[in-house]
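**Student:** This structure is in structure tokens; I'll ask about it shortly.
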Amino acid sequence: MNQGNPQPVKKSHFVRNILILLLCSALALSALTASLFFLDQKGKLEPYKYRSQHSTEDSKGKYYRIASEPSTPTTSEEPTTSSMIPEQTSTPTESTETTESEIEGELSGYVIILDAGHGGRDTGAVYPFSNPTYHECDFNLHIAEQVAAELSSRGAEVYMLRTDDSWISLYARIAMTHLICLDIAEREGKLPFSSERADELRVMLEGTVAINEDAVGLGGMGPMVGSGVGEDLEDLFEMEYQLDQVIFLSIHLNSSERRTLHGTQLYYVTDESVIESERNQMRTNSDFKRSDFPIREEYYGRHNEDNELLAHCMYDNIVGNLPELQTNANPVNADNYAVLREHGLTGVLIEVAYLSDDRDRSLLEEEENVEQISVSIGDGVVIYFHEKDIP
Ligand SMILES: [Zn+2]
């Protein structure tokens, strides 16, 4: 567990059943999804290297920019879009001369960073609890792939922090997020500091990605080490607070030994939820007593209300389209997840369903439900930007 990041206990077992399921699911996917992940030789999926001179061939911590795809001509089985979608939005052009990430769609001009939780040696939640045959990390990746395809088909610029079953440290994921934001801010002339300062921050963050460790003592937390916010992180936050067109979505599944819990839950952070949690940690967590663990100024300035709005947009659309996922736990929660806390983007963590619940689990095994969840998340993103009136 890292600094207020209540991830489930990790266990690692390789499971044949889920891989067979995923393989079958992958084969059954639409041409759109398939083209995203299997046609990299044709340039449809390309590693996004923010600075070729700094990039390495190391597979650790690479993140991928998903090239936009023209919407596949829809059949009568087109996933239904929610009635909650604003009327004016969906105007995908019929132009066939689309260039990479130039699809005209309701999400053109918006950027979504997708984090498929866990992976590799960190399976996330498992079921059954002993001799598990289901691993959360596999579901997360599959759902994130579907969401990437959905968002991409609507014209969004999509980045995935994990695209295979590799382990990527929490802080490497956050460093990648900062690096993507540095590129976007620079591209759009929104750097709140000099390009020299941007390069300095890049070098630091690339180091964090390369170390790829969460442990405090190994230096893998980079500028994110400590409670509160240091100077480097403050600069990054200030930059990211201006990137209204960029949001962050982390995809997870929930699990509980209370087998009655089920449904979708959303988590987000606010200044207060982070500060309150860190004050508690200072009393109870031995990491906070380490001499190399800085205790810094508390920092106010997050887009608290935007985070909450995004969480509600996600919950309302997922449950609106799949009422079976209405939860009997708290639907929308302010908390202190590091993956949301350590950057300045509006973002949420989606616990799509409970792996420990029989009905939720079988729902996730139906590919059409995963597609419906992805469409719902796409709808939620559209409605969020519409509500915010972000151009
Ligand atoms: Zn998880």
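**Student:** Enumerate the calculated ³J(HN,Hα) couplings along segment 121-137 in order (Karplus 6.51 cos²θ - 1.76 cosθ + 1.60, θ = phi - 60°), each rounded to whole Hz, writing x wherever the residue is Gly or Pro.
**Tutor:** Whole-Hz 3J(HN,Hα) from phi for segment 121-137: 5, 9, 7, x, 5, 9, 8, x, 5, 10, 6, x, 10, 10, 10, 4, 4.
**Student:** Where a ≥ b ≥ c are the square roots of the eigenvalues of the C-alpha gyration tensor, would you call segment 250-391 rounded, which needs a/c under 1.5, or, failing that, prolate if a/b is larger than b/c, or oblate?
**Tutor:** Here segment 250-391 falls in the oblate category.
**Student:** So how do 168-178, 124-134, 278-288 stack up, highest first, on mean other-Cβ count within 10 Å?
**Tutor:** Descending packing order for the listed peptides: 168-178, 124-134, 278-288.
**Student:** If a/c stays under 1.5 just call it rounded; otherwise compare a/b with b/c (prolate if a/b is bigger, oblate if not). Do that for segment 232-325, with a ≥ b ≥ c from the square roots of the Cα gyration tensor eigenvalues.
**Tutor:** Since a/c reaches 1.5 but b/c is at least a/b, the shape of segment 232-325 is classed as oblate.
**Student:** A follow-up question, please. Among Leu261, Leu310, Leu182, which comes first, second and so on when ranked by fewest other beta-carbon atoms within 10 Å?
**Tutor:** Leu261, Leu182, Leu310
**Student:** Moving on. Starting from the amide H of His303, placed 1.01 Å from N in the peptide plane, find each other amide H under 5 Å away whose residue is 5 or more places distant or on another chain.
**Tutor:** Distant-sequence amide H within range of His303: zero hits.
**Student:** List every residue whose amide H lies under 5 Å from the amide H of Ser356, counting only residues 5 or more places away in sequence or on a different chain, with H placed 1.01 Å from N in the peptide plane.
**Tutor:** Sorted by chain and number, the residues that satisfy this are Ser256.
**Student:** Which of the three applies to segment 102-179, rounded, prolate or oblate, going by the alpha-carbon gyration tensor with a ≥ b ≥ c and a/c under 1.5 meaning rounded?
**Tutor:** oblate
**Student:** What order do you get for Asp389, Asp138, Asp244 when you list them from fewest to most C-beta neighbours inside 10 Å?
**Tutor:** Least to most surrounded, the residues fall as Asp389, Asp244, Asp138.
**Student:** At a 10 angstrom cut-off on C-beta neighbours, averaged per residue, how do the peptides 373-379, 289-295 rank from highest to lowest?
**Tutor:** 373-379, 289-295
**Student:** Quickly rank 263-272, 109-118 as a protection proxy: mean count of other C-beta atoms within 10 Å, highest first.
**Tutor:** 109-118, 263-272
**Student:** In terms of modelled amide H atoms, which long-range or inter-chain residues lie less than 5 Å from the amide H of Arg162?
**Tutor:** Residues meeting the amide H criterion: Ala116.
No lab work stands behind these numbers, since they all come straight from the coordinates. Please read these numbers as outputs of a predicted model, since none were measured by experiment. Here Cβ is always computed from backbone atoms with ideal geometry, including for glycine, and neighbour counts include all displayed protein chains.
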